Amino acid sequence: MKTRLIEAHDLTKVYRMGKTEVHALRGVSLSVEQGEMIAIMGASGSGKSTLMNILGCLDRPTSGAYALDGTQVERLNKNQLADIRNRKIGFVFQTYNLLPRTSALENVEIPLLYDRSGRHLETLALATAALARVGLSERARHEPGELSGGEQQRVAIARALVTQPALVLADEPTGNLDTRRSIEVMALFQELNAEGVTMFLVTHEHDIAHYARRIVTLRDGKIIHDEAVKERRRAVEDLRQWNGTPQPAGTR
């Protein structure tokens, strides 16, 4: 029996700009079981980034309830939010957010150094294992400037995984990558998801969204579609076809 990882009820988020109120979320309810892979889609201003910030414990809802792995998040103070982010959530960003002039291994190790719980004592060994998990053992001593975009994103994924989080949130993870590198990243995401990692990814690309198991679409701060992907793309198969087919000049 699967465990309910996320339970969000009637989330609203109102930003006040002077006398103006901006309603970013308008009563969003969402349930997610452990091991799901979900794509969040929507036009600019639809509320997807706001929803991700709340799910990622980077922000609190104006109203509504949000439980992450049994913890009621909306009741937590700033220090408690920081703690649950470090223990429960891994983040992958479009721009990688790696420290320059710092090795891949040291970048991956960073979340462990901020963990005040004492759970992770062998930080170097854990970071080394996380890099191996994304296939970058041989690049551990290389700095970001010495890595390709796809390799930098893999370092960012390893950093997200190193604390063994309950949830990985990826914000436009393929936005800065060409087609082949995007498929490679999605192949890694699908592999990790098959191992039981629960994943959310924000994307504006329909082909990327169809690598997920479920697509949630927002418009004007509300969920307008929430449905399973009927014909899920397999990144490994797409990569095999891509590698075996000559690509026209200029293909991204």
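Observations
- ³J(HN,Hα) computed for each position of the stretch 95-111 - Karplus, 6.51 cos²θ - 1.76 cosθ + 1.60, integer Hz, glycine/proline x: 9, 6, 6, 8, 6, x, 6, 9, 5, 4, 4, 5, 4, 5, 6, 3, x
- The chain - mean residue ellipticity at 222 nm from DSSP helices (-39,500 (n - 2.57) per run, n ≥ 4, rounded to 500): -10000 deg cm²/dmol
- 10 Å-binned pair-distance histogram of the stretch 171-252 (Cα, whole percent): 16, 47, 28, 8, 0
- Mean-position separation - Cα centroids, the stretch 48-118 and the stretch 143-162, in angstrom: 18 Å
- For the chain, the spread of Cα positions along each principal axis, largest first, Å: 51, 46, 45
- Taking the fewest neighbouring Cβ atoms within 10 Å as the starting point, the ordered list for F93, F189 is F93, F189.
- Ranked list, fewest to most other Cβ atoms within 10 Å of each Cβ, for L124, L188, L76: L124, L76, L188
- For the stretch 193-239, taking Cα atoms only, Rg and Dmax work out to 11.7, 36 Å respectively.
- Segment H204-R232, extension gain: residue separation times 0.36 nm, minus the distance between their alpha carbons: 8.4 nm
- The equivalent ellipsoid of the stretch 31-95 has semi-axes of 19, 15, 13 Å, largest first, where each one is the square root of 5 times an eigenvalue of the Cα gyration tensor.
Each reported figure results from applying straightforward, stated rules to the coordinates on display, with no laboratory input. Remember, it's a predicted structure, so these values are computed and weren't measured experimentally. So basically every Cβ, Gly included, is an ideal-geometry build from the backbone, and we count neighbours across all protein chains shown.
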